[in-house]
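These notes concern the structure reproduced below.
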Amino acid sequence: SDRQANLADEMADILWVLAALANQTGVDLSEAFQENIKKKTRRDADRHRNNTKLQ
């Protein structure tokens, strides 16, 4: 659909800007993403287990 194509285009724009910012500031996005997942995993360890909607 046009709506989904537009949404995909906007998301791609965001990724482009994020990659440019990372390059300009020396941030390794792969490393940052992995560390962020670790943080969320620790923080939310029981969150989904206790969600009755997911059981």
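Please treat every number below as a calculation from the coordinates, not as lab data. Computed from a predicted structure; not experimentally measured. We place every Cβ from the backbone using ideal geometry, glycine too, and count neighbours over all the protein chains shown.
Taking θ = phi - 60°, what integer Hz values does the Karplus form 6.51 cos²θ - 1.76 cosθ + 1.60 yield along the range 42-50, in sequence order, with x for Gly and Pro?
5, 5, 10, 3, 9, 4, 7, 5, 8
Step through the residues of the range 19-31 one at a time and calculate ³J(HN,Hα) from phi using the Karplus curve (6.51 cos²θ - 1.76 cosθ + 1.60, θ = phi - 60°), rounding each to whole Hz and writing x for Gly and Pro.
Each residue of the range 19-31 in turn: 5, 5, 4, 4, 5, 5, 9, x, 7, 8, 5, 4, 5 Hz.
Could you sort 45-54, 8-17 so that the peptide with the highest average Cβ count within 10 Å comes first and the rest follow in order?
Per-residue mean Cβ counts within 10 Å order the peptides as 8-17, 45-54.
Mean residue ellipticity at 222 nm from the helices of the chain, using -39,500 (n - 2.57) per DSSP H segment of n ≥ 4 over the full residue count, to the nearest 500 deg cm²/dmol?
After summing the helix terms and dividing by residue count, I get -24500 deg cm²/dmol.
Figure the gain on full extension for Ala45 and Ala19 (residue separation times 0.36 nm, minus the Cα-Cα span) and round it to one decimal in nm.
Working it through step by step, the gained length comes to 6.4 nm.
How compact is the range 2-54 by the rule of thumb for globular proteins, expressed as Cα Rg over 2.2 N^0.38 Å?
My calculation over the Cα atoms of the range 2-54 gives 1.62.
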